[in-house]
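In what follows, a structure is listed as structure tokens, so that the remarks can point back to it.
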Amino acid sequence: MGLKVNTAEISEDYNDYDVPDEDSTPDNKKPGEDDIDDAPVMLSVKTGKAVTYIGLGLGILVIMASGVTLIKKYVI
């Protein structure tokens, strides 16, 4: 958890004239070239939704089980 740094680099380049990139070499993992960049990403835990869904699911199951029990007891 916390702040992580996502890094991406161009690993292969191509253009119509087959002119190589003169200021960077693809896929050499050298910082400072214009074919590599990074972005900070904040990772956190999202809370609250799972509890709601679990409670709702259990409530539905209890209602269905009660309905089946009552139908078996009084109708069948």
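Of all lysines in the structure, those lying under 25 Å Cα to Cα from residue 30, and not within fewer than 8 positions of it along the same chain, are 4. Of the GluC sites (Glu not before Pro) found in the chain, those that fall in a DSSP loop while having at most 11 other beta-carbon atoms within 10 Å are 12, 22. Against the chain, whose longest principal axis comes from its Cα atoms, helix 49-74 is set at around 30 degrees. Remark: relative contact order (segment 1-44) = 60 percent; criterion is Cα-Cα distance under 8 angstrom and separation of 6 or more residues.
Relative contact order of the chain, please, whole-number percent, based on alpha carbon pairs below 8 angstrom and at least 6 residues apart. Present the calculation step by step, with values, prior to reporting the outcome.
Values: 54 pairs, mean separation 26.9, N = 76.
Relative contact order here is 35 percent.
Taking θ as phi - 60° and the Karplus parameters 6.51, -1.76 and 1.60, the scalar couplings of segment 34-40 work out to 7, 9, 10, 8, 9, 9, x Hz in sequence order, x denoting glycine and proline. Computed across the chain, the Kirkwood radius stands at 18.4 Å (inverse of mean 1/r, all Cα pairs).
All other residues whose Cβ lies under 15 angstrom from that of residue 66 are scored, Lys and Arg at +1 and Asp and Glu at -1, for a net of +2.
Just so you know, all these numbers are worked out from the coordinates, no wet-lab data involved. These numbers come from a predicted model, not from an experiment. A quick note on method: Cβ atoms are made from the backbone with ideal geometry, for glycine too, and the neighbour counts reach across all protein chains shown.
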